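For reference, the structure discussed in these notes is given below.
The values are calculated or read from the model by the stated rules, or taken from the named source; none is laboratory data. For clarity, every value in this text was computed on a predicted model and none was experimentally measured. Positions of Cβ are backbone-derived with ideal geometry, glycine not excepted, and every protein chain shown enters the neighbour counts.
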Amino acid sequence: MMDFDASIVRIYPHWLTPFSCLDIMTRTLIFCLLAGITCKRMDQLPVPFRTNLISRQADLAALRAYPAENLAEIIVEVGFHCDCCSRCCTRDFNGHVLLLDTDVRRIQSFAPESLEPVPVLDFCDQHGMYYASGYTLRSQGDSKGSCYFLSERRCRIYENRPSICRLYPYMLHREPDDQGTVDWRQISGLNQHGGYNVEISEDEAHSLALEIKAFEEDVLSREISYLACTGRYFLDNGLRNVRKRFDDGLRSAREGGAIEVMVFSDGGYDRWLIRAGISIQIH
């Protein structure tokens, strides 16, 4: 792993809680100072880093302001229960699995071969190096993109499954609908899998709502850390985000060429080589 200096390893914006009364831009600047990015250098951050940092801080503030009671009411109303259809365990239905650093460390301890870089790459510097925000679970390579750990519609690591799998199908984040209107989304795949209308107590629903909010805050905090640390890495190393290199490299990869990816994890980077859909870590 390629680490940043100790001042920015494992920085998360919950350090900013005492500053929650401040506006988004001010909180973002404070976070960047904690990450070793001065106000002057904040202005020098490439646009993608700067604008995305501000956007994610706004999302984090909105999430913290969202009443857990409202989410608990939705949980009670939906009354979801798993019927082991396993649809949620496929990329065909759900895309890739979002992993926190705690999930990655736990899974690395017993099945490191199950991990690979997330399929969404965010940046590419002038040298053709790509940057990804973290890890996901490999699929089995079948037509549905079944999870690496799925076997006969059951999870082989159920007791050690990732955080998002423990809370699924509940969520709490803002995203656009089919018409482009951005609003809160609290459940995934409503009426498309599983069962509904099971009785859930108010206490259980409230406890679950708090867990969901904490998870979503960890997700946004990690994204902010990734953007701030990567922005500093670009500044310190004279790097630029080049869209043409990004597009050209992906075009080459689709034709069988190889690309290198720096995967953000635990405040540093792991280096990977990807060719023909196969990911190999470079040690």
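Residue under question is LEU121, and the condition is that it be surrounded by 14 or more Cβ atoms within 10 Å (Cβ to Cβ) and in a strand (DSSP E or B); does it hold?
Details: surrounded by 14 or more Cβ atoms within 10 Å (Cβ to Cβ): yes; in a strand (DSSP E or B): no.
Judged against the criteria, LEU121 is not a match.
Just one of THR102, THR136 is of a type in the set (Val, Ile, Thr), out of contact with any strand residue (DSSP E or B) (no Cβ under 6 Å at 6 or more places or on another chain), modelled with pLDDT of 95 or more and in a strand (DSSP E or B); which is it? Explain how you work it out, then say what you get.
Working: THR102 fails: in a strand (DSSP E or B).
Going through THR102, THR136 in turn, the sole match is THR136.
Regarding LEU121, is this residue touching a Cys at 6+ places or on another chain (Cβ under 6 Å) and modelled with pLDDT of 95 or more?
Details: touching a Cys at 6+ places or on another chain (Cβ under 6 Å): no; modelled with pLDDT of 95 or more: yes.
Judged against the criteria, LEU121 is not a match.
Surrounded by fewer than 18 Cβ atoms within 10 Å (Cβ to Cβ) and either of a type in the set (Phe, Trp, Tyr) or not in a loop (DSSP other than H, G, I, E, B) (or both), is that true of ASP142? Quick ask: steps written out before the conclusion?
Numbers: surrounded by fewer than 18 Cβ atoms within 10 Å (Cβ to Cβ): yes; either of a type in the set (Phe, Trp, Tyr) or not in a loop (DSSP other than H, G, I, E, B) (or both): no.
Judged against the criteria, ASP142 is not a match.
Return the residues of the range 63-89 that are assigned to a loop (DSSP other than H, G, I, E, B) and under 13 Å from ILE212 (Cβ atoms); say none if nothing qualifies.
Narrowing the range 63-89 to residues assigned to a loop (DSSP other than H, G, I, E, B): 66-67, 79-80, 82-86.
Hits for the range 63-89 are TYR66, PRO67, PHE80.
Given (1) touching a helix residue (DSSP H, G or I) at 6+ places or on another chain (Cβ under 7 Å); (2) in a loop (DSSP other than H, G, I, E, B), identify the lone condition not met by TYR131.
With (1) touching a helix residue (DSSP H, G or I) at 6+ places or on another chain (Cβ under 7 Å); (2) in a loop (DSSP other than H, G, I, E, B) applied to TYR131, the lone miss is (2).
The rows are residues; the columns are (1) within 19 Å of PRO48 (Cβ to Cβ); (2) not aliphatic (A, V, I, L, M).
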residue: VAL182; (1), (2): no, no
residue: SER188; (1), (2): no, yes
residue: HIS206; (1), (2): no, yes
residue: LEU220; (1), (2): yes, no
residue: ARG232; (1), (2): yes, yes
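Before we move on, is LEU172 in contact with a Lys or Arg (Cβ under 7 Å, 6 or more places away or on another chain), closer than 18 Å to VAL97 by Cα and part of a helix (DSSP H, G or I)? Outline the logic, then answer.
Details: in contact with a Lys or Arg (Cβ under 7 Å, 6 or more places away or on another chain): yes; closer than 18 Å to VAL97 by Cα: yes; part of a helix (DSSP H, G or I): no.
No; evaluated as a whole, the condition is false for this residue.
I need the strands (runs of 3 or more DSSP E) fully contained in the range 193-283, keeping only those with at least 3 residues that are not aliphatic (A, V, I, L, M).
Details: elements: 258-265, 268-275, 278-282.
Filter on the range 193-283 gives 258-265, 268-275.
Being over 22 Å from GLY95 (Cβ atoms), surrounded by fewer than 12 Cβ atoms within 10 Å (Cβ to Cβ) and polar (S, T, N, Q) is the filter here, so list the residues in the range 176-223 that pass it.
ASN197, SER201
Across the range 244-283, which residue is nearest to GLY141 (Cα to Cα) among those that are basic (Lys, Arg) and surrounded by 14 or more Cβ atoms within 10 Å (Cβ to Cβ)? Break it down into steps so the answer makes sense when it comes.
Within the range 244-283, the first condition is being basic (Lys, Arg), and the residues that meet it are 244-245, 251, 254, 271, 275.
So of that shortlist, the ones also surrounded by 14 or more Cβ atoms within 10 Å (Cβ to Cβ) come out as 245, 271.
Details: ARG245: 28, ARG271: 23 Å.
Out of the qualifying residues, it is ARG271.
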